[in-house]
Amino acid sequence: MLLSLICWIGGLIFFAFVLAPTAFNIPAVLPNTHLAGNVVGRALGKLHWIGIVSGIVFLVSSLLYSHITDGTAHVFAARHVLLCLMLALTLISQFGIIPRMDALRASLGDVNAAPLDNPARIQFDALHVWSTRVESAVLLLGLVVVYLTARSF
């Protein structure tokens, strides 16, 4: 249970504090923000799949653990509800926000080269803000789930 959750949360922390800032350290790592965006976008997609699989593994394991130890699965326990919310946010990001950002990035080319008043650029920037908010919310919820889960042992 904890291993699957920590893999997800650890991946989010690595992405937010190591991968993304390093990729956008222009020109030390990559020559432009377009390439950095491509690297970060692909990594985020993989991170989402790690989160989806880890979330399902955690949820099934936690429900089974609760059923075995207490005789009931505690379906609506706080950690289960929060984890389902984390999964929902991850799915929204993976299948809603990211594909729209990818389409805009493809139409714009280098996003930073597009004028700030370009409607596609404005939409991309707004989606980027939402993507960041969603990933931050998943991370914060995950830390709460880690606390709730560790406290129950």
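Of all residues in the stretch 99-117, exactly one satisfies the criterion of being in contact with a Phe, Trp or Tyr (Cβ under 8 Å, 6 or more places away or on another chain) and either of a type in the set (D, E, K, R) or surrounded by fewer than 12 Cβ atoms within 10 Å (Cβ to Cβ) (or both), namely Arg105.
Note on the stretch 25-52: residues that are of a type in the set (A, V, I, L, M, F, W, C) and farther than 17 Å from Ile98 by Cβ amount to 5. Inside the stretch 69-103, residues that are closer than 18 Å to Trp8 by Cα and among the charged types (D, E, K, R) make up a count of 1. Applying the criterion of at least 1 residues that are at pLDDT 95 or above and aliphatic (A, V, I, L, M) to the helices (runs of 4 or more DSSP H) found wholly in the stretch 1-95 leaves 2-14, 33-70, 78-92. Applying the set (1) within 30 Å of Arg79 (Cβ to Cβ); (2) among the acidic types (Asp, Glu); (3) exposed (fewer than 15 other Cβ atoms within 10 Å of the Cβ) to Glu135 leaves exactly one unmet item: (3). Of all residues in the stretch 137-153, those that are free of Cβ contacts under 8 Å to residues at least 12 places away in the same chain and either closer than 14 Å to Gly51 by Cα or under 16 Å from the mean Cα position of the chain (by Cα) (or both) total 1.
Given the criteria over 21 Å from Ala36 (Cβ atoms), touching a residue at least 12 places away in the same chain (Cβ under 8 Å) and in a helix (DSSP H, G or I), does Val134 qualify? It is false that Val134 is over 21 Å from Ala36 (Cβ atoms), touching a residue at least 12 places away in the same chain (Cβ under 8 Å) and in a helix (DSSP H, G or I). Of all residues in the stretch 96-112, which are assigned to a helix (DSSP H, G or I) and either touching a residue at least 24 places away in the same chain (Cβ under 8 Å) or touching a helix residue (DSSP H, G or I) at 6+ places or on another chain (Cβ under 8 Å) (or both)? Selection gives Ile97, Ile98, Arg100, Met101, Asp102, Leu104, Arg105, Ser107, Leu108, Val111, Asn112. Within the set Gly41, Gly45, Gly37, the sole residue that is surrounded by 17 or more Cβ atoms within 10 Å (Cβ to Cβ) and either of a type in the set (A, V, I, L, M) or in contact (Cβ under 8 Å) with a residue 12 or more places away in the chain (or both) turns out to be Gly37.
The values are calculated or read from the model by the stated rules, or taken from the named source; none is laboratory data. Note that the structure is predicted; figures quoted are calculated from it, not measured. Every residue, glycine among them, receives a Cβ derived from its backbone with ideal geometry; neighbour counts consider all protein chains shown.
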